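S.K.: Input: one structure, supplied below.
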Amino acid sequence: MWGFTIKKAFFDFWDHLFLVIILNLGFLLVLAVPLLVPSWLYRFGVVPSAISFVLGILLLFLYSGTVSFMMKEVAYYRDPGVKEFVQFFKESWPSSLLFGGIVVLHLFILMVAFPVYASMKSILGTIALALIFWFSVLWFLSSLYFFPLRTQVDSHVKKILKKCFLVFFDNTGFTVFLATGAALIFSISFLTAFLLPGFTGILLWLQVGFKLRLLKYDYLEAHPQADRKQIPWETLLTEERERVGKRTLKGMIFPWKE
């Protein structure tokens, strides 16, 4: 199942290469706000600089939420366009904004808590730092499912956050696999200045992984007595394998010769 996740994500990416590049250009423009504007505004004081940074992060999440909907369409073998982008922004902005606010709050707590507890130089401070660190790791891994859950399952932020943790604890190994894949895509993107695969590629990777993982829950819902540790992935992935089809390097580069 994990191998097919890589295969499907790659071919979905390859089949929508132009769309990915366009959306990644948008990411680069949006990223300029939190990366460049705060330093320019710093001459007017810390407060304007900090506010611009926070607004830039929130803008990044608004854009990410919209792109996630676009990538969900790609994962489901559809071809979204400009019309869908506008529609998805209208649909996603409330939850994306709340998610961004939670992330900003978490970062603020880390910026305040770490120096305070580190300066204590005591067992209590060490324990507090360890708890904050491991909670942050747990939150990061669980939050990988926020946008996939929003686009494919639910629209209520409270329910999505709860399901993020439930999905993580039920699929810990797979979650680490997704996180590792996202980190690898991020590293590779440095070579192309984040045009390919870029942040859009990461969002597509998460959408594909979660789409395939949902097959497990569809199966368990239809077979409540089944062993959760013995999921018949080969059977469940039959239709997906047929949709992806068999690909060759020649067919990928010169599809008109196939």
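S.K.: Per the Kirkwood treatment, what hydrodynamic radius in Å, one decimal, follows for the stretch 176-229 from the mean inverse distance over all distinct Cα pairs?
M.R.: Numbers: mean 1/r = 0.0790 Å⁻¹.
After inverting the pairwise mean of 1/r, the radius is 12.7 Å.
S.K.: Okay, moving on. Based on the Kirkwood radius over alpha-carbon pairs, what value in µm²/s does the Stokes-Einstein equation return for the translational diffusion coefficient of the chain at 4 °C and 1.567 mPa s? Each step should come with its number before you reach the end.
M.R.: Working: Rh = 20.2 Å.
So the translational diffusion coefficient is about 64 µm²/s.
S.K.: Here's another thing I want to ask about it. Which whole-number percent gives the relative contact order of the chain, counting Cα pairs below 8 Å spaced six or more residues apart?
M.R.: Details: 224 pairs, mean separation 62.4, N = 258.
In percent, rounded to a whole number, it is 24.
S.K.: Helix 172-189 versus the longest principal axis of the chain: what is the Cα-based angle in degrees, 0 to 90, to the nearest 10?
M.R.: 80 degrees
S.K.: Right, another one. How charged is the neighbourhood of Leu236? Take every other residue with its Cβ under 11 Å from the Cβ of Leu236, and add Lys/Arg as +1 and Asp/Glu as -1. Could you put the intermediate results ahead of the total?
M.R.: Numbers: positive: Arg213, Lys216, Arg241; negative: Asp218, Glu234, Glu239, Glu240.
Charge balance in the 11 Å sphere: -1.
S.K.: Rounded to a whole number, what is D in µm²/s for the stretch 1-110 from Stokes-Einstein with the Kirkwood radius over alpha-carbon pairs (25 °C, 0.890 mPa s)?
M.R.: On the way: Rh = 15.6 Å.
D = 158 µm²/s.
S.K.: Translational D (Stokes-Einstein, µm²/s) of the stretch 46-110 at 20 °C and 1.002 mPa s when Rh comes from the Kirkwood sum over C-alpha pairs? If you can, show how the numbers build up before the last one.
M.R.: Numbers: Rh = 12.8 Å.
Stokes-Einstein gives a translational diffusion coefficient of 168 µm²/s.
S.K.: Right, here's the next one. In which sequence would Leu97, Leu23 go, from the one with the fewest C-beta neighbours within 10 Å to the one with the most? Provide the component values of the computation, followed by the final result.
M.R.: Numbers: Leu97 16, Leu23 23.
Placing the least packed residue first, the sequence is Leu97, Leu23.
S.K.: Considering the chain as a Gaussian network with a 10 Å cut-off on Cα pairs, which listed residue, Ser92, Ser49, Ser64, attains the greatest mean-square fluctuation?
M.R.: In the Gaussian network model the winner is Ser49.
S.K.: Pick from Ala193, Ala32, Ala222 the residue whose mean-square fluctuation is largest in a GNM of the chain, springs joining Cα atoms under 10 Å.
M.R.: Between Ala193, Ala32, Ala222, it is Ala222 that shows the largest mean-square fluctuation.
S.K.: Of all the stretches in the chain, which is the longest one without any exposed loop site, taking trypsin sites (Lys or Arg not before Pro) in a DSSP loop (any state but H, G, I, E, B) with at most 15 other Cβ atoms within 10 Å?
M.R.: The answer is 122-227.
S.K.: Oh, and also: How much mean residue ellipticity at 222 nm does the chain get from its helices, if each DSSP H run of length 4 or more adds -39500 (n - 2.57) and you divide by all residues, to the nearest 500 deg cm²/dmol? Walk me through the numbers on the way to the answer.
M.R.: Details: 12 runs with 209 residues, N = 258.
The helix-only estimate for the chain comes to -27500 deg cm²/dmol at 222 nm.
S.K.: Above 19 angstrom, tally the Cα pairs of the stretch 91-178 and express them as a % of all pairs, no decimals. Could you put the intermediate results ahead of the total?
M.R.: Values: 1844 of 3828 pairs.
More than 19 Å apart: 48 percent of the Cα pairs in the stretch 91-178.
S.K.: Then there's this: In debye to the nearest 20, how big a dipole does the chain give about its Cα centre with +1 on each Lys and Arg Cβ and -1 on each Asp and Glu Cβ?
M.R.: Working: 24 positive and 16 negative charges, 50 e Å.
Taking the Cα centre of the chain as origin, the dipole is about 240 debye.
S.K.: Also, I was wondering about something else. How long is the stretch 107-258 along each principal axis, judged by its Cα atoms, biggest number first, in Å?
M.R.: Its Cα atoms span 67, 48, 28 Å along the three principal axes.
S.K.: Then there is this: Highest GNM mean-square fluctuation, the chain, Cα pairs closer than 10 Å: which of Ser142, Ser96, Ser187?
M.R.: Ser187
S.K.: Separate question: Using a basic spin-label model with each label point 7 Å from the Cα along Cα→Cβ, how many nm lie between Trp139 and Phe114?
M.R.: Going by the 7 Å Cα→Cβ label model, 1.2 nm.
Just so you know, all these numbers are worked out from the coordinates, no wet-lab data involved. Not measured: the values here are computed from a predicted model. Every residue, glycine among them, receives a Cβ derived from its backbone with ideal geometry; neighbour counts consider all protein chains shown.
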